[in-house]
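Nothing in this text is a laboratory measurement; each read-out follows from the coordinates by a stated rule. Quick caveat, the model's predicted, so the values are computed rather than measured. Methodologically, a virtual Cβ is constructed for each residue, glycine included, from the backbone with ideal geometry; neighbour enumeration extends over all protein chains shown.
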Amino acid sequence: MSLGYAEKLSFIEDVGTVGMSEFFDSSHVLQEKIERLAKMIQKSKHLVVFTGAGISTSCGIPDFRGPKGIWTLQREGKPLPEASLPFHRAMPSITHMALVELEKAGILKFIISQNVDGLHLRSGIPREKLAELHGNSFMESCPSCGAEYLRDFEVETIGLKETSRRCSDVKCGAKLRDTVLDWEDALPPKEMLPAEKHCKMADVVLCLGTSLQITPACNLPLKCLRGGGKIVIVNLQKTPKDKKASLVIHGFADKVIAGAMDLLSMRIPPYVRIDLLQIIITQSLSADTKYVNWSLLVGSVHSTKALLPFIKSIEISFADELRFKEAILHEQPFKLKRRTAPSEKFEIVLKLNFSDGCGCLCTQINIPFGFKVSTDSLNLDKDTVMKNLREEAIQDFSCGQNAVIERKTKVSPKTEVTVHAIVTNIKAFESDSVSNGDVKNLRGNINGFETSRKRSNGRKRKSRF
């Protein structure tokens, strides 16, 4: 996993307590506490969740202050952990996806996150119900008009610096900035104000995977106390706020949340990742009008200069038994130039080979060459297409499905731009019954995908409360 964020931070001597000991409640005590938590969630009218690095460790992202934390290892002079997969391919955990279900059910009102991994947004939490106090490694924002751009690649800078891209609004065009704070940067009011508002309104603030050391963020949960709210802390280490909490649970966040969801008879939804790319085909007549010179470009939807981090290579062939030379493209931007007779019509076949961290090896896209685009095909309902892709991926429990979500044509030079959505990962979860204090987390491997949930049999269960 990328450790770029920690390496980009300015050096400071005091990063707080590191190398903190971990504590685990006994199985009996853990079960009792999970039952108490489930009852508190069920009765809550305004649940707010406050998250830290501990909810992402099961995603392959190291924490900071634990025994194997980044700052712990740095202080001990030990090498940082090896990357298990690219940062941009990290997938949400059981906890992330359980929070999605709680939000959809209307129980969870707001999430406050100290993490910069972007996994809350990727999981499906609406942006308006999320405060990312320390920023997002995959987000750029426009300082002029306030527009935000979620990327599929890690933004190259931190510290609210200018990046190499500009706002795409034609009326703006200002240089974009990264959103990740450095040590000296103040928490942005855009994130802090709604976080404070919801904490004051909360009857329960559930703190997950945070040591509650970084100020002023760590004081936000306390704001619920004045209105009679309660604090619950789920963390492996002790925190400075434990004495203020109504319930402290020492256990893995995934295990605790899976147990609570099971007791509430709520499913943990699967995670389906959909990535985007654009294909640009441009054609023009040769000077003697005997041939058509055309080019094909496969690139990022964020910019033709941006890399496609989930594509390793592209194999290009041609259908209809045409004797055009096949090609394999290894370097980005992926581009091919050819010359054909004006009357020739054929299909270009693209085999997209995915990079490490994707759930399957490849997928195929067939492109009809001829530019005869019907009017109907220009009116695509992006949301419907994306929804259908997700449903198909869940039903098949496989990835590689793809569809066009946008198509644009230009007359001069004759150009067709298509934006394709591709399912590149699917991950499902299982929250078994809490028995003898043990919440089982089943992990298997089906068709190359990590899974920790069996398919539901469709039967609904009644809550145990």
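Taken one residue at a time, the phi angles of region 401-415 give Karplus couplings (6.51, -1.76, 1.60, θ = phi - 60°) of 4, 8, 7, 7, 10, 7, 9, 10, 10, 10, 7, 9, x, 4, 9 Hz. Gly and Pro are set to x. For region 77-183, the list of trypsin sites (Lys or Arg not before Pro) that fall in a loop by DSSP and count at most 10 other C-beta atoms within 10 angstrom reads Lys171.
Among the GluC sites (Glu not before Pro) within region 182-229, those in coil by DSSP and having at most 11 neighbouring Cβ atoms inside 10 Å are Glu184. Legend: distances between Cα atoms for Lys33/Lys241; Lys175/Lys223; Lys175/Lys200; Lys129/Lys244; pairs beyond 29 Å are Lys175/Lys223; Lys175/Lys200. Along the Cα-to-Cβ line of Glu32, 7 Å from the Cα, sits a label point; which residues in region 204-243 have backbone N less than 13 Å from it? It comes to no residues whatsoever.
A straight line joining the Cα centroids of region 26-40 and region 136-199 runs 39 Å.
Of Lys335/Lys427; Lys335/Lys408; Lys171/Lys197, which sit over 24 Å apart, Cα to Cα? Violating the 24 Å limit, Cα to Cα: Lys335/Lys427; Lys171/Lys197.
May I ask you to derive the FRET efficiency for Asp381 and Arg339 from their Cβ-Cβ distance with R0 = 41 Å, giving the value to the nearest 0.05? It comes to 0.65. Between rounded, prolate and oblate, where does region 284-350 land on the alpha carbon gyration tensor, with a ≥ b ≥ c its root eigenvalues, rounded for a/c under 1.5, else prolate if a/b exceeds b/c? Since a/c reaches 1.5 but b/c is at least a/b, the shape of region 284-350 is classed as oblate.
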